[in-house]
Amino acid sequence: HLNVHLTLPVTYHAEDLRLLPTAFHALGPKHIIFTKLDETRRWGGLVNVAVQSGFGVCYASDSTNPARGVIELDATTLANRLQIPPTYPWEEK
């Protein structure tokens with residue numbers, strides 16, 4: 001049994017991001033992994049793709065080193081993250 005995950009960078013334009021699940025539908029993805037959360041302040045595309053695609057969202061990466069920056073992304077985690085204004089890596093926290 002093969003479990004296919006579609007990996008999408010949230011830095012893409014929202015309209016392009018929205019079209020990608022349809023473009024890769026033939027491969028049979030069931031989940032989305034979002035990358036580059038640390039490189040944008042615009043998360044609307046992420047939310048739109050998650051809702052419109054019908055795919056589950058399971059993980060995201062918010063670090064330049066994905067091995068260290070992988071987070072489990074469920075509805076609760078996403079809602080909590082959306083309440084915190086994102087900052088770029090070079091900004092003071």
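The values are calculated or read from the model by the stated rules, or taken from the named source; none is laboratory data. Predicted, not measured: the structure shown is a model, and the values here were computed from it. All Cβ positions, even for glycine, are placed from backbone atoms using ideal geometry, and neighbour counts span all protein chains on display. Calculation scope for accessible area: heavy atoms of the full protein, side chains included, ligands and nucleic acids excluded. Shrake-Rupley method; radii C 1.70, N 1.55, O 1.52, S 1.80 Å.
Computing the accessible area with a 1.4 Å probe over protein heavy atoms, can you report the carbon and sulfur percentage for the chain?
Numbers: 3420 of 6260 Å².
Result for the chain: 55 percent of the exposed heavy-atom area is carbon or sulfur.
Of the residues G44, T11, F55, the one whose Cα sits farthest toward the positive end of the charge dipole of the chain, with +1 on the Cβ of Lys and Arg and -1 on the Cβ of Asp and Glu, is F55. So I have (i) 42, 28, 19; (ii) 37, 26, 25; (iii) 43, 28, 23, and one of them is Cα extents along the principal axes in Å calculated from this model. Which one is it? Matching the structure shown: (iii).
Looking at the stretch 4-93, the GluC sites (Glu not before Pro) that sit in a DSSP loop and have at most 16 other Cβ atoms within 10 Å of their own Cβ are E91, E92.
Please give the per residue accessible area of the chain, computed with a probe of 1.4 Å over protein heavy atoms only, in Å². Provide the component values of the computation, followed by the final result.
Numbers: 6260 Å² over 93 residues.
Spelled out: the 1.4 Å probe surface of the chain, per residue, equals 67 Å².
How large is the helix-only mean residue ellipticity at 222 nm for the chain, computed as the sum of -39500 (n - 2.57) over DSSP H runs with n ≥ 4, divided by its residue count, in deg cm²/dmol to the nearest 500? Each step should come with its number before you reach the end.
Numbers: 4 runs with 32 residues, N = 93.
-9000 deg cm²/dmol, from helical runs alone.
Using a probe of 1.4 Å on the protein chains alone, the accessible area found for D62 is around 50 Å². Dividing the mean sequence gap of close Cα pairs (under 8 Å, 6+ apart) by how many residues the chain holds gives a relative contact order of 27 percent.
Expressed in nm to one decimal, what extension gain is obtained for the pair R68 and R81 from 0.36 nm per residue of sequence separation less their Cα-Cα distance? Write out the running numbers ahead of the final one.
On the way: separation 13, 0.36 × 13 = 4.68 nm, distance 1.76 nm.
The R68-R81 span can extend by a further 2.9 nm.
About the centre of its Cα atoms, the chain shows a dipole size close to 120 debye [charges on the beta carbon of Lys, Arg (+1) and Asp, Glu (-1) only; nearest 20 debye].
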